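The values are calculated or read from the model by the stated rules, or taken from the named source; none is laboratory data. Predicted model, so just to flag it, every value in this text is computed and none were measured. Note: ideal-geometry Cβ built from the backbone for every residue, glycine included; neighbour counts use all protein chains shown.
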Amino acid sequence: MEYLIKRDLKLINLVPIASLFLILILYILSVLEFKISLAEYVLIENLINYQGGFVRRGLLGDIIFKLNYYTGVNHIKIIICIYLSAYFLFIILFYKILEKIWAINPYLFLFIFISPSTLFFPLFDFNALFRKEIFFFIVFFYHVCIAQQTIQKKNQ
């Protein structure tokens, strides 16, 4: 009997990993369907660069321009690769924050996880993909991870 309970606990502990893996797959499918979500204004916003002088918000566009110039890869493919890696990092940080919450309070985990204001917002609204806010979310979640480790006395 104890073996069945221990086995079920291992299956229950796979729920956060499986759910975040499912979200990662949904993000990959959404990003690969870029013709739906890569609207013209988002493309223009990502391609603002420093070629005409210093312009705020031009760093990402300048990186894309340089990569396009040196590698010859299409700028849309560069944008897709940058955002796929950014969303992957975002989901990893989100998991690092919530992995401890699942063991303490699974209902809170599900509430935060399913909330449309966290992971599902870009999936519900295709115009929210490929926007630069993801980089701010990554920095914010990274700081939350550092604060969480500091509170738990793992990091000095």
What is the one condition in (1) free of Cβ contacts under 8 Å to residues at least 60 places away in the same chain; (2) in a loop (DSSP other than H, G, I, E, B) that residue 111 does not satisfy? (2)
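I'd like to verify a number: residues in the stretch 83-96 that are crowded, with 16+ Cβ neighbours inside 10 Å and over 13 Å from residue 43 (Cα atoms), how many? Give the steps one after another, and end with the answer.
Taking the stretch 83-96 and keeping what is crowded, with 16+ Cβ neighbours inside 10 Å, we get 83, 86-87, 89-91, 93-95.
The next check asks that each one be over 13 Å from residue 43 (Cα atoms); those that pass are 86-87, 89-91, 93-95.
Total satisfying the criteria: 8.
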Within the stretch 29-92, which helices (runs of 4 or more DSSP H) (wholly inside it) include 3 or more residues that are at pLDDT 75 or above? 59-71
Only one of these is at pLDDT 85 or above, within 18 Å of residue 23 (Cβ to Cβ), under 15 Å from the mean Cα position of the chain (by Cα) and not basic (Lys, Arg): 141, 124, 120, 135. Name it. 141
